[in-house]
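This is the structure I have questions about; it appears just below.
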Amino acid sequence: MPFDVRRFDIYRKVPKDLTQPTYTGAFISILCCVFILFLFLSELTGFIATEIVNELYVDDPDKDSGGKIEVSLNISLPNLHCDLVGLDIQDEMGRHEVGHIDNSMKVPLNQGDGCRFEGEFTINKVPGNFHVSTHSATAQPQNPDMTHTIHKLAFGEKLQVQKVQGAFNALGGANRLSSNPLASHDYILKIVPTVYEDLSGKQRFSYQYTVANKEYVAYSHTGRIIPAIWFRYDLSPITVKYTERRQPFYRFITTICAIVGGTFTVAGIIDSCIFTASEAWKKIQIGKMS
């Protein structure tokens, strides 16, 4: 007898004339197909969409930066003339720069009585401070008014990702216009390195920060100290990393197979139970009639 490979067929076919269609079976089949379609579309949406996974680790993520951090500052002082406004930078590596002017701009406000300072500069990755003051002015005013509004203070690359909600511009919108005009303002910043890696593996480096602040009128043995707006910063050793990920294709296929197979199996069991109960009820009714 020749070998017949059909004996390995585990999906034996039943002749169509030996099957019995029912209304209940048709209803369950339609519901089954609708349910499978709904789950398939849900899984497809999840497969196409990306998810953001975050992790924490101790390291300097941007080793190619040369130990520098880019800073972007935009601040308005509505009651201080632009000739008096300057930016000073200090840190623990010995940097002491008074009246930083590179990549900066001063825009007069209130018919020249006020000033908006915009600047981009770099700081070293060591504790330090930068402050807006009148220290670089040729002549110091008697009563400098340090009331202000901070429009932007950001570190590193601009990172705008819809799914990442971070404190990249925590001081944006800070309003100190009702403060004591002669008061100094201290903003204590804790800068947290942040990395964002997209699906292609490209990384962008930015920095989030937390902030605490206080205002005070400072005095020394010679009298009142000229007020300033201080931004004192320190770097956190912890790095936050956000990574874009997409569900693997094999997992998507496995889930779809599980949905289809599981739905048809459960639907078949339900249909079989209903059909068996229906046939038993018919036999009981026939027995009563006889």
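Please count how many residues of the range 146-168 are at pLDDT below 90, in contact with a strand residue (DSSP E or B) (Cβ under 9 Å, 6 or more places away or on another chain) and surrounded by fewer than 18 Cβ atoms within 10 Å (Cβ to Cβ).
6
Separate question: Just name the residue that is surrounded by the fewest Cβ atoms within 10 Å (Cβ to Cβ) out of those in the range 22-55 that are hydrophobic (A, V, I, L, M, F, W, C) and assigned to a strand (DSSP E or B).
Among residues in the range 22-55 that are hydrophobic (A, V, I, L, M, F, W, C) and assigned to a strand (DSSP E or B), the one surrounded by the fewest Cβ atoms within 10 Å (Cβ to Cβ) is V53.
Check F47 against each of (1) touching a helix residue (DSSP H, G or I) at 6+ places or on another chain (Cβ under 6 Å); (2) under 23 Å from A170 (Cα atoms) and name the one condition it does not meet.
That leaves (2) as the condition not met.
Restricting attention to the range 96-119, which residues are part of a loop (DSSP other than H, G, I, E, B) and over 31 Å from the mean Cα position of the chain (by Cα)?
Hits for the range 96-119 are V98, G99, H100, I101, D102, N110, Q111, G112, D113.
Go through the range 120-136 and give me each residue that's within 22 Å of S76 (Cβ to Cβ), surrounded by 17 or more Cβ atoms within 10 Å (Cβ to Cβ) and over 26 Å from the mean Cα position of the chain (by Cα).
Selection gives N129, F130, H131, V132, S133, T134.
A quick yes/no check of all residues on (1) surrounded by 12 or more Cβ atoms within 10 Å (Cβ to Cβ); (2) modelled with pLDDT of 95 or more:
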| residue | (1), (2) |
| --- | --- |
| I188 | yes, yes |
| D198 | yes, no |
| S206 | yes, no |
| E215 | yes, no |
| G223 | no, no |
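Still on this structure, please answer the following. Filter the range 134-179 down to residues that are assigned to a loop (DSSP other than H, G, I, E, B) and under 30 Å from E55 (Cα atoms), then give me how many there are.
Total meeting the criteria: 17.
Kindly check whether there is at least one residue in the range 203-216 that is assigned to a loop (DSSP other than H, G, I, E, B) and either hydrophobic (A, V, I, L, M, F, W, C) or within 19 Å of L87 (Cα to Cα) (or both).
No: the range 203-216 contains no residue that is assigned to a loop (DSSP other than H, G, I, E, B) and either hydrophobic (A, V, I, L, M, F, W, C) or within 19 Å of L87 (Cα to Cα) (or both).
Could you list all residues from the range 243-290 that are modelled with pLDDT under 85, charged (D, E, K, R) and in a helix (DSSP H, G or I)?
Once the filter is applied, which keeps residues that are modelled with pLDDT under 85, charged (D, E, K, R) and in a helix (DSSP H, G or I), the range 243-290 yields D271, E279, K282, K283, K288.
The values are calculated or read from the model by the stated rules, or taken from the named source; none is laboratory data. Quick caveat, the model's predicted, so the values are computed rather than measured. Methodologically, a virtual Cβ is constructed for each residue, glycine included, from the backbone with ideal geometry; neighbour enumeration extends over all protein chains shown.
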